[in-house]
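To start, the structure under review is shown below, and the notes come after it.
The values are calculated or read from the model by the stated rules, or taken from the named source; none is laboratory data. All of these numbers come straight from a predicted model, not from anything done at the bench. Counting neighbours? That spans all protein chains shown, and the Cβs are built from the backbone with ideal geometry, glycine included.
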2 protein chains.
Amino acid sequence: MEIDVDTERLRADLEANGHIGEVEAEVGWGRTVLTATDADRQARDRFLDRLEAAGLTVRVDPVGNVAGRWVPESADPDAAPVAAGSHLDSVPEGGIFDGPLGAYGALEAVRAIRESPVEPVRPLEVVSWTEEEGVRFGTGLLGSSVASGVRPLEAALARTDGDGNTLGEELARIGYRGEATIDPASWAAWLELHVEQGTVLERAGVPVGVVTAIAGIANCDVTFEGEANHAGATPMDERRDALAAASEFVLDVERGARERVEAGHEAAVGTVGSLDVSPNANNVVPGRVEATTDQRDVDPEVLRELIDGAEASAERIAEERPVAVEFDHYRLTEPSRMADRCVAAAAGAAERAGLGRLEMHSAGLHDTANVANVTDTVLLFAPSEDGVSHNPREWTDWADCANATRVLAGAMADLAT
Amino acid sequence: MEIDVDTERLRADLEANGHIGEVEAEVGWGRTVLTATDADRQARDRFLDRLEAAGLTVRVDPVGNVAGRWVPESADPDAAPVAAGSHLDSVPEGGIFDGPLGAYGALEAVRAIRESPVEPVRPLEVVSWTEEEGVRFGTGLLGSSVASGVRPLEAALARTDGDGNTLGEELARIGYRGEATIDPASWAAWLELHVEQGTVLERAGVPVGVVTAIAGIANCDVTFEGEANHAGATPMDERRDALAAASEFVLDVERGARERVEAGHEAAVGTVGSLDVSPNANNVVPGRVEATTDQRDVDPEVLRELIDGAEASAERIAEERPVAVEFDHYRLTEPSRMADRCVAAAAGAAERAGLGRLEMHSAGLHDTANVANVTDTVLLFAPSEDGVSHNPREWTDWADCANATRVLAGAMADLAT
């Protein structure tokens, strides 16, 4: 059954939310809503108002995640709910869609289901996760990681911002350190709508992406330690040039990903995004270079090959050049598979709505990657104009927002009936 | 004839000078004497006092270079003088030998000649150049470049420090914007004693280096412009990674110099010393990289090959990768040959003093490179402990200071008789 969402109602919600934390932007519409700031409190307050106005019962958990619950008359209140949502926090000077589209889109989907003849047998929940961006407290997907049992509550609450304030203190300050339980493991399914933040849908001319897998991400810190020395007085055969060593590594990381792509693993990417050279003076042989890697793939084995390749490169360089190399795996998030039945529900909803869809992978992480550890999930994408995100120029047409929300609503209705 | 310098007198001068601008150092003896600061005024005042105490007549030119002149009774006052010296300014927290050894060494050499039976037929001059280090006013070898006609006086005086003060104003403020002429073209020869700032002498166990050529230096700014993009969402075949491009360049610059060394040009070096990556975030494909090159050789042709090789590498990379490359030759200082007769005078003086010597090249620039454009020159090196310089740990044994000064004095006496 097709669910008819209200484009203008959704737009009004997103625009009103977009004025909270709004910042001046030469082009586009920017907002800065860092976790547990006053702007975040306003955004949360308004979201809860809108949930309640739609007849949902709201609750807040100890890490500040919020959920609104609707138990249809047709439903068993004890049945496992179908939940959907995203996040309300932003990066500094971010756009108005990244996060809010999924939170307000889920609310609009529930409103639309409620206004439709559909008779869900499961409760529906609309959720907004705390600190998805990880800007203020240094780690993204924080609220969903606690709710999904990936990270202990205490560790999350003890995280500090640049001024030494803890997340726990700041949540209490804005009135969002709750006591309720939000437990994804108790859900029948989880759906998240998000802007793509890439150009796959735009280039394909397709309004909705149905994500089948979220790429895993490995980040490593790699330090090349040579010896800073006079660029003139140090003969070529006596130098311990940390930058020349690091340059080989950069090219090896690139080559490693290219080889996987050529072998058919199209999602494989490998990047050295940051490189800090010391002393970084034009007449001094670089003595130390700190580099970071970002390697991703949807297949755990391929991701492991990428990481091992980078480590082998570092070891080879340390053998062949007079530098010491430290290789620190500081983060590994395994790839997440979306559940076939959730993907099928989304595909069916798109078909019923007469909308083209593209099955694709997500290169970026989303809260859904945490939730997928404990229940069946699917992630939906709406097109991003020029792929721009984390920027006031981030934009998704209102018609695209509505169409993606139609698919979300249809899939939720399907999974809840 | 051997000239007997007074080790203790030289040491007292260098130590007294070392207390001017002295800074606390955990190890060693640090000083900060930036050009035309109050510390520089004190250092200059004391130097002039010592020149006058030794019977020299002092003068200051419009860019603040100072000279003391002694006309021996045996000399023709109109004969072309033999001059020697170095500089008194330092880098921030530099050592006490880099510069002062050559300035006070030249004074000690003149005092020693004066006390010896040598009867010079030429006047002797002791010189200290302004702003050798280039720290405060952004360009090194400044005073000698004006005196040697390499740079117009007005351009030098108009240079500004970080606060917008001009060199001209600051020289006037400290009382060192003179009106006299110091013209290296009028000299019969110029000699400079300097600390090696490298480990060649130390490793060879030789107390004096006689430099036969000063390497030329080419510096280029190279900018790689790609496109910053999401490290996850940008497939490998669509990225324009400026850092991967720059990494190829770094390795090509290194390879270029290594190949010249293998071909017998031992002095050839090539370094990318600084590399600035934008936006330098671990999850963003680098969009822009700015690199600098430092390439050196004593042979103008080899230096040209090194530069051309770097430029060809940049062009190849721009052809093979979707990046734009800008290559800016911003500085080229040609190699300088020392005059055979000056090298021979130094070699003879070392032999007469019973001191081992090493003929070598200088990888670093010195004021002598400017003076060599207009008269015959030689540069002498004293050993640097562990090659350390521009650091409070810079050290040269007092005996080594005195021995190198003996060679300087002997060579000056030879060239002046």
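A few comments on the model shown:
- B:Gly138 vs. criteria surrounded by fewer than 21 Cβ atoms within 10 Å (Cβ to Cβ) and within 18 Å of B:Leu365 (Cβ to Cβ): yes
- Scanning segment B:261-278 for residues that are surrounded by fewer than 22 Cβ atoms within 10 Å (Cβ to Cβ) and within 8 Å of chain A (Cβ to nearest Cβ) yields B:Val261, B:Glu266, B:Ser274, B:Asp276.
- All of A:Asp276, A:Asp328, A:Asp299, A:Asp367 fail the test of being under 30 Å from B:Arg331 (Cα atoms) and of a type in the set (Asp, Glu), apart from A:Asp276.
- Selection count, segment A:363-417, where residues are within 30 Å of A:Asp76 (Cβ to Cβ) and small (Gly, Ala, Ser): 8
The rows are residues; the columns are (1) among the acidic types (Asp, Glu); (2) closer than 23 Å to B:Asp376 by Cα.
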| position | (1), (2) |
| --- | --- |
| B:Asp76 | yes, yes |
| B:Pro81 | no, yes |
| B:Phe97 | no, no |
| B:Gly105 | no, yes |
| B:Val127 | no, yes |
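- B:Arg296 vs. criteria of a type in the set (Lys, Arg) and crowded, with 17+ Cβ neighbours inside 10 Å: yes
- Summed over segment B:217-259, residues that are more than 8 Å from chain A (Cβ to nearest Cβ), buried (at least 24 other Cβ atoms within 10 Å of the Cβ) and within 30 Å of B:Cys342 (Cβ to Cβ) total 0.
- A:Asp89 among the charged types (D, E, K, R) and touching a residue at least 24 places away in the same chain (Cβ under 8 Å): yes
- Hits in segment A:70-93 (condition: under 19 Å from A:Gln197 (Cα atoms), in contact with a strand residue (DSSP E or B) (Cβ under 9 Å, 6 or more places away or on another chain), assigned to a loop (DSSP other than H, G, I, E, B) and not polar (S, T, N, Q)): A:Leu88, A:Asp89, A:Pro92, A:Glu93
- When segment B:362-417 is filtered for residues that are acidic (Asp, Glu), in a helix (DSSP H, G or I) and at pLDDT 95 or above, the ones remaining, listed by number, are B:Asp367, B:Glu385, B:Asp400, B:Asp414.
- From A:Ala109, A:Ala53, residue being under 22 Å from the mean Cα position of the chain (by Cα) and farther than 27 Å from A:Thr139 by Cβ: A:Ala109
- Some residue of segment B:94-109 being among the acidic types (Asp, Glu), outside any helix (DSSP H, G or I) and touching a Phe, Trp or Tyr at 6+ places or on another chain (Cβ under 6 Å): no
- Test: residue in segment B:41-54 that is part of a loop (DSSP other than H, G, I, E, B) and modelled with pLDDT of 95 or more: yes
- Some residue of segment A:307-325 being within 11 Å of chain B (Cβ to nearest Cβ), among the aliphatic types (A, V, I, L, M) and under 30 Å from B:Val388 (Cβ atoms): no
- Verdict on B:Ala344 being closer than 17 Å to B:Ala204 by Cβ and part of a helix (DSSP H, G or I): no
- Test: residue in segment A:190-212 that is part of a helix (DSSP H, G or I), surrounded by fewer than 24 Cβ atoms within 10 Å (Cβ to Cβ) and not hydrophobic (A, V, I, L, M, F, W, C): yes
- Residues of segment A:361-393 classified as more than 15 Å from the chain's Cα centre (by Cα) and surrounded by 24 or more Cβ atoms within 10 Å (Cβ to Cβ), total: 1
- Summed over segment A:279-302, residues that are more than 7 Å from chain B (Cβ to nearest Cβ) and more than 26 Å from A:Arg240 (Cβ to Cβ) total 7.
- Residue that is more than 24 Å from the chain's Cα centre (by Cα) and modelled with pLDDT of 95 or more, where the choices are B:Ala242, B:Ala188, B:Ala215, B:Ala233: B:Ala242
- Near pairs, Cβ below 6 angstrom, 6+ apart or cross-chain, from segment B:328-344 (within 17 Å of B:Thr212 (Cα to Cα)) to any residue that is surrounded by fewer than 17 Cβ atoms within 10 Å (Cβ to Cβ): B:Glu334/B:Pro300; B:Pro335/B:Pro300
- Number of the condition not met by A:Asp76 [criteria: (1) within 18 Å of A:Gly143 (Cα to Cα); (2) among the charged types (D, E, K, R); (3) out of contact with any Gly (no Cβ under 9 Å at 6 or more places or on another chain)]: (1)
- So B:Val325, is it among the hydrophobic types (A, V, I, L, M, F, W, C), in a helix (DSSP H, G or I), out of contact with any Asp or Glu (no Cβ under 6 Å at 6 or more places or on another chain) and farther than 21 Å from A:Ala281 by Cβ: no
- Out of A:Glu93, A:Glu52, sole residue that is surrounded by fewer than 24 Cβ atoms within 10 Å (Cβ to Cβ), on the phi > 0 side of the Ramachandran plot and acidic (Asp, Glu): A:Glu93
- Matching residues, segment A:152-196, being hydroxyl-bearing (Ser, Thr, Tyr) and in contact with a Lys or Arg (Cβ under 9 Å, 6 or more places away or on another chain): A:Thr166, A:Tyr176, A:Thr181
- Sole residue being modelled with pLDDT under 95, aliphatic (A, V, I, L, M) and assigned to a loop (DSSP other than H, G, I, E, B), chosen from A:Val135, A:Val118: A:Val135
- Evaluation of A:Glu154 against (1) part of a helix (DSSP H, G or I); (2) in contact with a Phe, Trp or Tyr (Cβ under 8 Å, 6 or more places away or on another chain) (one fails), failing number: (2)
- Once segment B:21-49 is narrowed to residues that are within 26 Å of B:Arg406 (Cβ to Cβ) and of a type outside the set (Lys, Arg), the residue that is surrounded by the fewest Cβ atoms within 10 Å (Cβ to Cβ) is B:Asp49.
- Test: residue in segment A:172-182 that is at the interface with chain B (Cβ under 9 Å from one of its Cβ atoms) and of a type outside the set (S, T, N, Q): no
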